[in-house]
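The values are calculated or read from the model by the stated rules, or taken from the named source; none is laboratory data. Owing to the predicted nature of the structure, the values given are computational and were not obtained by experimental measurement. Note: ideal-geometry Cβ built from the backbone for every residue, glycine included; neighbour counts use all protein chains shown.
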Amino acid sequence: MLRTAVVALCLRAGAYGGLLTPSFANGALLGIVVGRLWELMWPGTLLASYAVVAAGAFLAVSQRMPVTAVVLALEFTGSQQEVVIPLLLAVAGATATGALLRGTTVPAAREKRPR
């Protein structure tokens, strides 16, 4: 719980360097929690798939790098092809939501990224 709060505070402060692994881990944790809740309603789903999809989406929106997040999520986990489409949809949705919450368009969000 504390780790998630520290990563969120670091991201909010603009410290993007060195947060790739914590962002990926927090996304996976979120995916496992949501996957476990979904499993109560729909038994038989793979919990690992939820972790991979959420980790990629969280990484994409927190680091503002959607294409790299998809590649890294697939490469880090060695996931099979059945995860690609849900991962792409989750990353697109997370990127659009992040841009909406920041009040920018997706291309404009890339230009305003602190360097």
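Data overview
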read-out: One residue from VAL83, VAL70 being closer than 12 Å to ALA54 by Cα, more than 12 Å from the chain's Cα centre (by Cα) and in a helix (DSSP H, G or I); value: VAL83
read-out: Test: LEU59 is of a type outside the set (Asp, Glu) and either within 20 Å of ALA99 (Cβ to Cβ) or not in a helix (DSSP H, G or I) (or both); value: yes
read-out: Subset of the range 39-67 (residues that are more than 14 Å from ALA90 (Cα to Cα) and in contact with a Leu (Cβ under 9 Å, 6 or more places away or on another chain)); value: GLU39, GLN63
read-out: Total residues in the range 12-47, condition touching a helix residue (DSSP H, G or I) at 6+ places or on another chain (Cβ under 8 Å) and either loosely packed, with under 12 Cβ neighbours inside 10 Å or in contact (Cβ under 8 Å) with a residue 24 or more places away in the chain (or both); value: 12
read-out: Within the range 76-115, tally of residues that are under 17 Å from GLY31 (Cβ atoms) and at pLDDT 90 or above; value: 14
